[in-house]
Each structure stands twice: as C-alpha cells, then as structure tokens.
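**Student:** Dropping the structure in here first, questions after.
Every number here is computed from the coordinates shown, using simple stated rules; none is lab data. No experiment lies behind these values; they were computed from the predicted model shown. Ideal geometry is used to build each Cβ from the backbone, glycine not excepted, and the neighbour counts take in all protein chains shown.
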Amino acid sequence: MEEIILLINEGIKNKNINIINDKGFEFQSTYNLMLSLNNLILLKNINRVIIITSPEHLLRLKLIWEKINPKIEVLRYKSKNIYGNEKYNHNYEKVYITLKELVTLIYYKLVYKI
C-alpha cells in the first residue's frame, strides 16, 4: 500500500502503523466510525493519529474529531483525489459528489452539532 510506504518514509516505525478501515468497525456514519476510533485510541493510549482519507471527506472528519476528542493530535492527509479517477470523469459526477458532501456537512452540523 502506498500509504504505508509514505508513513515509513516519514520515519514512522512499522510497529506503530495500524491500518483501520470500515471493515473492522460497526458503524452507520463517519461520526460513529470516529467514536469507535476514539475508543481504540484511548484503549491503546495513543496521543497522535494520522488519518488518510479522500480530500472530499477531510473537512467533515476534522470537524467531527474536534468535537469528539480535541486533545488527541490528528494529522489528516488526503488520499488520491477521486476526481482524478476515470470512474468520475464527468462534470456532473464531480458536482454530485461535492453537493453530497455539502449536504452531509449540513446534516452533521444539525444532528451531531459539529
């Protein structure tokens, strides 16, 4: 995985890299995923986290994390931009993804008070 190589090249020891994705968590939303991640971080006594996610998701992730646990430092890096993906090469799909993220941000603001 190129993300692991990137982290190792940045001097992070392989034993300190934990790859967590949605397969290991029971969740229905990014908010619930971040709650689960926070529980894992507290359990393992981790004080700094690097999260790699899509660029479209970074702002929502940042706002959620600041609400859940602002004491833990979270570095956010964007993975490959899905806009560059050949699957999303039409303008209407780019607009759809952007609008969907905007609506989701509004929803999270109202429901989770982020």
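**Student:** Would you mind ranking LYS113, LYS94 by Cβ crowding within 10 Å, fewest neighbours first?
**Tutor:** Fewest to most other Cβ atoms nearby, the residues stand as LYS113, LYS94.
**Student:** Also: Give me the number: length gained by fully extending ILE97 to TYR77, i.e. 0.36 nm times residue separation minus the C-alpha to C-alpha distance, one decimal in nm. Can you show the working numbers first?
**Tutor:** Details: separation 20, 0.36 × 20 = 7.20 nm, distance 1.90 nm.
Length difference between fully extended and current span is 5.3 nm.
**Student:** How do the peptides 10-16, 101-107 rank, highest first, by the average count of neighbouring beta carbon atoms within 10 Å per residue?
**Tutor:** 101-107, 10-16
**Student:** So the label point goes 7 Å from the Cα of ASN18 along Cα→C-beta, right? Which residues of the range 39-72 then have their backbone N under 12 Å from it?
**Tutor:** Hits in the range 39-72 for ASN18 at 12 Å: 39-50.
**Student:** Also: Could you tell me the calculated FRET efficiency between GLU10 and TYR112, based on Cβ-Cβ distance and R0 = 25 angstrom, to the nearest 0.05?
**Tutor:** 0.20
**Student:** Determine the alpha carbon to alpha carbon distance for each of LYS62/LYS109; LYS44/LYS71; LYS15/LYS62; LYS15/LYS71; LYS62/LYS100; LYS62/LYS113 and list only those over 21 Å.
**Tutor:** Cα-Cα > 21 Å for LYS15/LYS62; LYS15/LYS71; rest within.
**Student:** Further question: Calculate one ³J(HN,Hα) per residue across the range 97-110 by plugging θ = phi - 60° into the Karplus curve 6.51 cos²θ - 1.76 cosθ + 1.60, and present them in order as whole Hz with x for glycine and proline.
**Tutor:** Once θ is set to phi - 60°, the couplings for the range 97-110 become 4, 5, 5, 4, 5, 5, 4, 5, 4, 4, 4, 5, 4, 6 Hz.
**Student:** Skipping prolines and chain starts, which residues have an amide H placed within reach, meaning under 5 Å, of the one on ILE51, given they are 5 or more residues away or on another chain?
**Tutor:** Result for ILE51 returns LEU75, ARG76, TYR77.
**Student:** Sticking with the crude label model, points 7 Å out along Cα→Cβ, report the distance from THR104 to ASN32 in nm, one decimal please.
**Tutor:** Spacing of the two 7 Å Cα→Cβ label points: 1.5 nm.
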